[in-house]
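Quick notes on the structure that follows.
Coordinate-derived values only; no laboratory data. These numbers were taken from a predicted model, which means no experiment stands behind them. Ideal geometry is used to build each Cβ from the backbone, glycine not excepted, and the neighbour counts take in all protein chains shown.
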Amino acid sequence: MKGLGVLSYLKSATLVFLISLCLVYPCYAEERDVTLQWDKSIDDPYLQSYKVYYYTTAGNTESLDNADYAASYTLLAGVPISVPKPGAKPITIEKSNTQITLHFIDSSKDYYFVVTAVDTRGLESIPTPEIICMTLMVSKAGTGAGTVTSSPLGISCGSTTCSANYTGVTAVTLTAAPEAGNIFTGWSGDWCSGTGLCGLTMNTTKSATATFTPFRRLDVVKAGAGTGTLTGTP
């Protein structure tokens, strides 16, 4: 992996990510929290710390501009710790920690993550398998009211904007449901169109907009003793 160089192997010191890598934060569109969690190394007595790498190009741990640094990170049951810019890269944490939450300001970027273990001699293990975290951002437009939900669960958008994080390639279906007295007039954006279900594949960060419009009815009443017809355009 570019940027890590030749790494020394610790005895069986491979870390394992748990299933829940990216937590879902509905209605969290402008910013993003990503939580990583891993199993404690079996070589824990010989370890000194863990290193958390995050970057924006697959396989290249050095692919991070100053604007892409995490704003802060939080350890389990801790308080946010600010990351200076240019920040320390990677983030080094004590071996007693096996979970970290990184807070990013820009939710439009795809981020990749790996973790390594460092022993008391300063030798660094091979990295964990690379994990990608992508964000699906949903916006609502128009003067009407309605909700947008997703399958699998993650998006539940009753407010103006909402988002969900996904790891790996995931097929997602968005459903727009207008409230009483409103109609759904369609999807817009690069990934969805029309007025039906929005099906997309999460293989990068994506966005979609659902537009709702109030339903207005025009009642016409004929009066008088005469006869005739009335038409309208449209």
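Descriptive notes on the structure:
- Long-range neighbours under 8 Å by Cβ, at least six apart or interchain, first residue in contact (Cβ under 8 Å) with a residue 60 or more places away in the chain within segment 213-234, second among the charged types (D, E, K, R) and outside any loop (DSSP other than H, G, I, E, B): none
Yes or no, residue by residue, for (1) in contact with a helix residue (DSSP H, G or I) (Cβ under 6 Å, 6 or more places away or on another chain); (2) within 22 Å of Ala117 (Cα to Cα); (3) of a type outside the set (A, V, I, L, M); (4) surrounded by 12 or more Cβ atoms within 10 Å (Cβ to Cβ):
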position: Tyr53; (1), (2), (3), (4): no, yes, yes, yes
position: Thr61; (1), (2), (3), (4): no, yes, yes, yes
position: Asn66; (1), (2), (3), (4): no, no, yes, no
position: Leu75; (1), (2), (3), (4): no, yes, no, yes
position: Val79; (1), (2), (3), (4): no, no, no, no
position: Pro90; (1), (2), (3), (4): no, yes, yes, yes
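- The residue of segment 183-203 that is surrounded by the fewest Cβ atoms within 10 Å (Cβ to Cβ), among those that are among the small types (Gly, Ala, Ser) and in contact (Cβ under 8 Å) with a residue 24 or more places away in the chain, is Gly199.
- Test for Lys51: is it more than 21 Å from the chain's Cα centre (by Cα), within 17 Å of Trp38 (Cβ to Cβ) and not polar (S, T, N, Q): yes
- Among residues of segment 69-119, those that are touching a Lys or Arg at 6+ places or on another chain (Cβ under 6 Å) and either without any contact (Cβ under 8 Å) to a residue 24 or more places away in the chain or not in a strand (DSSP E or B) (or both), counted: 4
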